[in-house]
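Take a look at the structure below.
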């Protein structure tokens, strides 16, 4: 008689979802991986790439704090009810492209929607993404693409002029808790891979490959991060 090892059924990726509860936490369902990553800098002090430092045990469902006051961060401990957190969603449902400026170059076109900026700082290295896309040498092209890939909120999107299509990184569907020892801050929740985000009213926000959610409770663009965590 052989002993069979019981395997847990794999949770289908299409069941993943983040629901914004009214004045409460983010309810994450569908077995979304939860990761902690730090922003790393280069030898000149510019933000350059990411370092994964932790993975939480995979759970089918969990709740993440969005008021910023939980004593069990990143998870909700109910503190939002004690502080009477106002989590009113003010972020709009306008598609990214409608608010984006266009910066054209010979090889690449940069789309820039400032509304989504979280001040992660990847876009200023090597002269800045806006200048890099206006040049056509291969090294500069690669740096411009790298910088936009590392933009967690997807404020910056690169278009290949030859194909007319966006050049986007392939992400594991996951939520990344952003940390930065360089900037001495705790950043937003980086939602990767096109996970649907549903408002407290049951309406879906635009599904994007990269987006960042507020977890300090201060954003004026809830549920999205607007960089307010940097202000202390």
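Key figures
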item: Enumerated strands (runs of 3 or more DSSP E) restricted to segment 141-232, each holding at least 1 residues that are modelled with pLDDT under 95, touching a helix residue (DSSP H, G or I) at 6+ places or on another chain (Cβ under 7 Å) and buried (at least 16 other Cβ atoms within 10 Å of the Cβ); result: 185-192
item: Subset of segment 49-75 that is closer than 19 Å to residue 153 by Cα and in contact with a strand residue (DSSP E or B) (Cβ under 6 Å, 6 or more places away or on another chain) - its residue that is surrounded by the most Cβ atoms within 10 Å (Cβ to Cβ); result: 66
item: Selection within segment 12-48 - surrounded by fewer than 15 Cβ atoms within 10 Å (Cβ to Cβ) and at pLDDT below 95; result: 12, 13, 14, 15, 40, 42, 43, 44, 45
item: Residues being closer than 29 Å to residue 157 by Cβ and either surrounded by 13 or more Cβ atoms within 10 Å (Cβ to Cβ) or within 19 Å of the chain's Cα centre (by Cα) (or both) - total across segment 76-109; result: 17
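The values are calculated or read from the model by the stated rules, or taken from the named source; none is laboratory data. What you see is a predicted model, and the numbers here were worked out from it, not measured in a lab. Please note: Cβ atoms are built from the backbone with ideal geometry, for glycine as well, and neighbour counts cover all protein chains shown.
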